[in-house]
Amino acid sequence: MAQGGDAARADLRGGVGWMVLGGLIAAAAWRMDRFEQMGGTVYTAPGLVPGLFGLLLLVMGAALALRGWRGQAVGPAPEPLLNARVAGMLALTLVYAGALVGRLPFAAITALFITLFCALFAPDGTSTMRRWRVSLLCGVLGTAAIVVVFERVFLVRLP
């Protein structure tokens with residue numbers, strides 16, 4: 001089959017995958033406690049935003065799957081799902097969330113995580129010095145924004 005057919009099949013499979021993920025997120029959000037016994041409303045339910053994100057993923061996945069079904073893929077077939085950058089991102093995320101959060105100071109490990117993540121996904125051809133300077137800046141500023149928003153706006157104590 002032509003390369004366009006490969007891209008259409010990839011869109012169909014990817015769209016179905018996003019629909020499943022979005023549906024699972026929306027279902028899990030719906031099952032979350034709404035704290036009605038404590039006077040909670042639909043707007044204060046902890047599952048509201050994740051549920052909306054799940055529904056959005058489901059709808060966008062359906063659009064992608066429909067495009068693939070119709071054979072209307074745009075561009076060539078994508079790279080394999082698991083490449084070196086994706087594997088690095090998965091490993092980095094698992095170490096950060098699974099091994100470091102709660103064991104080391106949150107701001108320090110979050111800045112390190114964001115810095116490494118940005119460096120991993122910096123555009124090819126970027127000089128090494130520029131890659132690390134920009135990544136470090138993103139790590140520090142991103143962490144500062146996360147801490148301020150969660151602790152000052154949402155009043156959530158970070159680990």
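Considered as a group, the residues in the range 127-153 that are of a type outside the set (D, E, K, R) and loosely packed, with under 10 Cβ neighbours inside 10 Å include one that is nearest to Phe106 (Cα to Cα), and that residue is Val153. When Phe106, Phe150, Phe117 are screened for being under 21 Å from Asn83 (Cβ atoms) and not small (Gly, Ala, Ser), only Phe117 passes.
The one condition from (1) in the same structural domain as Arg13 (by TED's automatic domain parsing); (2) modelled with pLDDT under 85 that Gly51 does not meet is (2). Scanning the range 115-159 for residues that are touching a residue at least 40 places away in the same chain (Cβ under 8 Å), among the aliphatic types (A, V, I, L, M) and not in a helix (DSSP H, G or I) gives a single hit, Leu158.
The values are calculated or read from the model by the stated rules, or taken from the named source; none is laboratory data. Every value quoted in this text rests on a predicted model; they were computed, and no experiment measured them. A quick note on method: Cβ atoms are made from the backbone with ideal geometry, for glycine too, and the neighbour counts reach across all protein chains shown.
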